[in-house]
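Participant: Sharing a structure with you now.
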Amino acid sequence: MKPQKEIWMDGKLVPWDDAKIHVLTHGLHYGMAIFEGIRAFKTPSGTAIFRLPEHIERLMNSAKIYRMNLGFSAKEIAQACVDLVRNNPAEECYLRPIAYTGYGEMGLNPLTSKISVAIASWEWGAYLGDASKKGVRATITNWVRIDSRAMPVQAKCAANYANSALAKMQAVAAGYDEAILLNVNGMVAEGPGENIFRVKDGILSTPPASSGILRGITRDTVIQFARDEKITFYRNDATKEELYTSDEVFFSGTAAGIARVSEIDGRQIGDNGTPITDRLAKLYEQTIHGKVRRYSKWLTPVSP
Ligand SMILES: Cc1ncc(COP(=O)(O)O)c(C=O)c1O
């Protein structure tokens, strides 16, 4: 990781190397940290943050679900993201706002902990690296996606990512790039940090929120593209057989972008071409770089 100049901590910009916390920070022990993953891109009119209000809204919702009082409004956190990107040298970056139960009290009642808020940014290439270009080789993991009766899946909480990490490790250890998780009903849910879409006979579909997924902002972007591009689209459950026999499959996420899947458990996907994925991926690239006027509303410029 290439250090940036500063990290925002509890309202102040702190030099990168000084942004440290105590080993007895409550959230480190009990997973009580809610966060976001946001990206800023270079556009013809300077660096801009993609869908910032939507990410901050999801952060505020995660905080509400976990009864965390952040002590900062959505507007203040959004402004802090803008200030941070403007102050740091990277022209394109990933942003990580995080709120966590801080140092002071231990034990299983987080309500006695003070909440700390930080925002870091750094340069981060496509999350799935080269696989995003070549096509992602995925496997269906036997770790089941956490169920909303056990944990609130719509809250982007650090604790949820133990489930994601187990799935990811299993996939990587078996020689794959990425995992696909099924839900407790055996239906397709999502990747460890991405939503999933499939195309069959020209129809685009993705699992509904009720399948236990995180409602991704990139997923919403793709859904809006489909509507505007007049691509037939449904939110519906899929079995793993339906995934294996899809014409096209892709992941969507802030970290991964739109990443074509080329293989699932040894079954080739998209070997007759991936026209809908390619079209959506191109539109996404143009949109995040400020080249599509219709979607410029999704970009928050960081220069005044
Ligand atoms: C579990 C999970 N699903 C899906 C996504 C994709 O969400 P987004 O498109 O908002 O980045 C993410 C990333 O935040 C995630 O962690």
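Participant: Is it true that some residue in region 264-283 is in contact (Cβ under 8 Å) with a residue 40 or more places away in the chain and either in a strand (DSSP E or B) or not assigned by TED's automatic domain parsing to the domain that holds Thr139 (or both)?
Facilitator: Yes, some residue in region 264-283 is in contact (Cβ under 8 Å) with a residue 40 or more places away in the chain and either in a strand (DSSP E or B) or not assigned by TED's automatic domain parsing to the domain that holds Thr139 (or both).
Participant: Out of curiosity, is Ile231 assigned to a helix (DSSP H, G or I), within 27 Å of Arg58 (Cβ to Cβ) and assigned by TED's automatic domain parsing to the domain that holds Ser148?
Facilitator: Considered against the rule, which asks whether it is assigned to a helix (DSSP H, G or I), within 27 Å of Arg58 (Cβ to Cβ) and assigned by TED's automatic domain parsing to the domain that holds Ser148, Ile231 comes out as no.
Participant: Write out, first by first residue and then by second, each pair whose Cβ atoms fall under 7 Å of each other, whose residues are 6+ apart or on separate chains, and whose first residue, in region 160-176, is in a helix (DSSP H, G or I) while the second is within 16 Å of the ligand (Cβ to nearest atom) and of a type in the set (Asp, Glu).
Facilitator: As it stands, the answer is Ala171/Glu178, since those pairs meet every condition given.
Participant: Say we look at region 238-263 and pick out the residues that are assigned to a strand (DSSP E or B) and among the β-branched types (Val, Ile, Thr); which of these is nearest to Asn183 (Cα to Cα)?
Facilitator: Result: Val249.
Participant: With respect to Gly202, is the statement that it is touching a residue at least 60 places away in the same chain (Cβ under 8 Å) and surrounded by fewer than 14 Cβ atoms within 10 Å (Cβ to Cβ) true?
Facilitator: yes
Participant: Select from region 38-90 the residues that are of a type in the set (D, E, K, R) and within 24 Å of Gly193 (Cα to Cα) and list them in ascending order.
Facilitator: If the condition is that a residue be of a type in the set (D, E, K, R) and within 24 Å of Gly193 (Cα to Cα), then Arg39, Lys42, Arg51, Glu54, Glu57, Arg58, Lys64, Arg67 are the ones that fit.
Participant: Also, I was wondering about something else. For the list (1) of a type outside the set (S, T, N, Q); (2) assigned to a strand (DSSP E or B); (3) not assigned by TED's automatic domain parsing to the domain that holds Pro15, I need the number of the one condition that Leu95 fails.
Facilitator: Here Leu95 meets the rest and fails (3).
Participant: Tell me which strands (runs of 3 or more DSSP E) are completely within region 1-53 and hold 3 or more residues being more than 21 Å from Leu70 (Cβ to Cβ), or say none if there are none.
Facilitator: By residue number, 38-43, 46-50.
Participant: A further question follows. For the condition outside the structural domain of Ala179 (by TED's automatic domain parsing), buried (at least 17 other Cβ atoms within 10 Å of the Cβ) and free of Cβ contacts under 8 Å to residues at least 60 places away in the same chain, what is the one hit in Leu70, Leu84?
Facilitator: That would be Leu70, the only listed residue that is outside the structural domain of Ala179 (by TED's automatic domain parsing), buried (at least 17 other Cβ atoms within 10 Å of the Cβ) and free of Cβ contacts under 8 Å to residues at least 60 places away in the same chain.
The values are calculated or read from the model by the stated rules, or taken from the named source; none is laboratory data. Note that the structure is a prediction, hence the values are computed from the model and not measured. We place every Cβ from the backbone using ideal geometry, glycine too, and count neighbours over all the protein chains shown.
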